Amino acid sequence: MLSRRAFLLSAAASTALPLLARAQEASQPSAAVDGGTPTVLRLARRTIEVNGKSASVYGIRQPDGTFGIRTKVGDRFRVRVENRIEEVSLIHWHGLTPPWQQDGVPGISGPPIPVGGYADYDFPLRFGGTFWMHSHQGLQEQLLMAAPLIIHDRRDRADQQEVIVMLTDFSFTPPEQIFEALKKDRGMAAMPATAPAPVSGMQGMKATGQAGQAMPSGMAMGAAAKPDLNDVKYDAFLANDRTLADPEVVKVEPGGRVLLRVINSSSMSAFHLDLGALDGELIAVDGFAVAPVMARRFPIAVAQRLDIRLALPREPAAHPVLALLEGENRQTGIILQAGGAAVARIPDTAAQASPALTLDLERRLRAAKPLKSRKVNRVHTLNLTGQMAGYVWSLNGVAWNENVPPLPVAQGERVELVFVNKTPMPHPMHLHGHEFQVVEIDGKRFPGAVRDTVLVPPNRRVVVAFDANNPGHWALHCHLLYHLEAGMFTTLRYV
Ligand SMILES: [Cu+2]
């Protein structure tokens with residue numbers, strides 16, 4: 001934790017802006033924001049319906065009800081976040097490159113926003129694309145404290161309809177209970193994450209237990225067996241807050257063009273986006289342009305985004321856009337309804353289980369604008385490590401705590417991060433404050449996608465490169481919520 005004094009000093013040194021993100025006490029009068037009116041984002045409770053039952057979740061909305069923000073490149077990101085929930089909170093702008101004090105990680109970027117307080121943000125938007133925002137405080141993300149953050153740019157076309165698809169996993173069980181159950185079940189299994197183990201009948205029975213409870217299925221699998229997926233057994237998977245029993249139906253033009261902006265805001269779940277009979281043209285990942293790839297199915301790990309262009313057939317028809325949970329037969333999605341075609345009910349279970357996500361697409365992706373070729377100044381190797389017993393997740397064997405020193409980096413360096421997954425679980429790794437380029441998979445170099453979150457499947461090695469061009473104290477972590485909470489987290493620092 002930074003002292004208040006260190007925080008202010010470094011904040012003052014790192015930016016000429018008069019404005020810094022700072023938590024304000026509820027009693028303080030609201031100060032006018034320099035240079036124009038900020039967009040207000042309110043953190044509040046809301047009620048949604050899932051599987052016929054009402055659920056109390058969080059939301060990030062503007063006063064007019066708009067979820068998140070749509071803005072454009074070149075504009076400043078000028079936002080006031082008001083905390084109207086019953087606990088402290090802080091919002092991270094996933095994929096953006098703000099001054100580090102405005103990055104929204106409690107204890108790293110700054111203090112959380114007190115109950116009833118607010119924080120102001122003001123920084124330039126360097127690039128456009130599909131981004132998102134979510135709470136980095138505790139387990140609030142599991143209660144849907146997340147929203148789209150769309151930055152329009154030259155890639156947007158007047159003749160295409162933008163459709164946002166926000167995917168998430170939902171449980172009626174409170175997240176703290178899910179986490180406790182994971183730790184308890186894992187503790188009972190009492191074995192290291194890297195060792196194969198026989199299936200126990202008891203565990204097998206338990207794995208079919210109550211929905212929403214942590215499922216010890218992973219206990220029964222070793223590194224040599226199939227990957228350990230889906231730690232938490234969810235009650236539902238949502239696309240724009242709805243299940244396939246009552247999906248969002250978006251009216252589109254027959255023969256028209258659609259830009260799908262798919263955001264995986266799940267806490268723990270990866271999907272295959274399935275376009276059915278439609279051919280999709282993938283034009284960006286995590287907001288950054290790639291050489292277009294045509295396909296009907298695309299993998300999307302936790303926290304990743306896909307921008308996919310569709311050219312719809314001229315005939316009226318209903319086109320489901322589905323997301324299939326990896327490794328299982330559950331699915332969610334929305335329907336594109338062209339020309340008033342009838343919309344058939346789609347079940348929320350698929351005929352068969354989908355496979356685990358692979359790196360097949362990742363290794364085909366090529367950045368439209370790769371990083372400039374230059375000498376690598378520094379390499380950090382991060383072994384992704386874990387211990388099923390007690391649900392401990394770590395980097396290089398260390399579960400993060402405030403005494404872990406930040407990884408050293410110097411301004412101006414080209415840095416490579418080598419992720420080596422030593423566990424039977426896939427981990428989507430996310431670096432704050434910088435975009436990186438995927439430059440190697442399993443020893444094979446290539447000029448891959450520029451992005452902010454990369455999947456590292458079990459026993460694989462993935463290398464990313466970035467330029468240290470945004471000094472500060474930055475988080476680097478697995479984006480699976482309960483892994484992050486358990487300690488698969490570190491920081492890097494150059495200020
Ligand atoms: Cu992880």
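Things worth noting here:
- Test for GLU326: is it crowded, with 19+ Cβ neighbours inside 10 Å and within 16 Å of the ligand (Cβ to nearest atom): yes
- Verdict on PRO406 being touching a strand residue (DSSP E or B) at 6+ places or on another chain (Cβ under 7 Å) and closer than 18 Å to GLU485 by Cα: yes
- Scanning the stretch 270-314 for residues that are touching a strand residue (DSSP E or B) at 6+ places or on another chain (Cβ under 6 Å), under 30 Å from ARG126 (Cβ atoms) and not in a strand (DSSP E or B) yields ASP286, GLY287, ALA301, VAL302, ALA303, GLN304.
- Only a single item in (1) in a strand (DSSP E or B); (2) surrounded by fewer than 22 Cβ atoms within 10 Å (Cβ to Cβ); (3) not basic (Lys, Arg) is not met by GLY65, and it is number (1).
- Residues of the stretch 377-391 satisfying the condition of being under 13 Å from VAL462 (Cβ atoms) and within 11 Å of the ligand (Cβ to nearest atom): LEU384
- Of ILE308, ILE335, all but one fail to be β-branched (Val, Ile, Thr), surrounded by 19 or more Cβ atoms within 10 Å (Cβ to Cβ) and over 22 Å from the mean Cα position of the chain (by Cα); the exception is ILE335.
- PHE123 being under 18 Å from the mean Cα position of the chain (by Cα), buried (at least 18 other Cβ atoms within 10 Å of the Cβ) and outside any loop (DSSP other than H, G, I, E, B): no
- In the set (1) of a type in the set (S, T, N, Q); (2) out of contact with any helix residue (DSSP H, G or I) (no Cβ under 9 Å at 6 or more places or on another chain); (3) within 27 Å of GLY110 (Cβ to Cβ); (4) within 16 Å of the ligand (Cβ to nearest atom), SER394 fails one condition alone, (2).
- Pick from the stretch 126-135, criterion in contact with a Leu (Cβ under 6 Å, 6 or more places away or on another chain) and of a type outside the set (A, V, I, L, M), ranking: surrounded by the most Cβ atoms within 10 Å (Cβ to Cβ): TRP132
- LEU371 vs. criteria under 30 Å from ALA291 (Cα atoms), of a type outside the set (Ser, Thr, Tyr) and away from the ligand (no atom under 14 Å from the Cβ): yes
- Meets criteria (touching a Gly at 6+ places or on another chain (Cβ under 6 Å), crowded, with 17+ Cβ neighbours inside 10 Å and modelled with pLDDT of 95 or more) for ALA303: no
- Residue within the stretch 101-117 that is modelled with pLDDT of 95 or more, of a type in the set (Asp, Glu), over 30 Å from ARG330 (Cβ atoms) and surrounded by fewer than 23 Cβ atoms within 10 Å (Cβ to Cβ) present: no
- Qualifying residue in the stretch 363-384 (condition: modelled with pLDDT under 95 and more than 21 Å from GLY287 (Cα to Cα)): no
- Within the stretch 366-389, being loosely packed, with under 13 Cβ neighbours inside 10 Å and over 22 Å from PRO428 (Cα atoms) holds for LYS369, LYS372, SER373, ARG374, LYS375, VAL376.
- Of the residues making up the stretch 84-119, those that are closer than 28 Å to VAL450 by Cα and among the polar types (S, T, N, Q) are THR97, GLN101, GLN102, SER109.
- Condition check for VAL462: over 19 Å from MET268 (Cα atoms) and touching a Pro at 6+ places or on another chain (Cβ under 6 Å): no
- Residue that is surrounded by the most Cβ atoms within 10 Å (Cβ to Cβ) [pool: residues in the stretch 157-185 that are over 21 Å from ALA147 (Cβ atoms) and β-branched (Val, Ile, Thr)]: ILE178
The values are calculated or read from the model by the stated rules, or taken from the named source; none is laboratory data. The structure presented is a predicted model; accordingly, all values stated were derived computationally and were not measured. With ideal geometry, Cβ positions are generated from the backbone for all residues, glycine too; neighbour counts draw on all protein chains shown.
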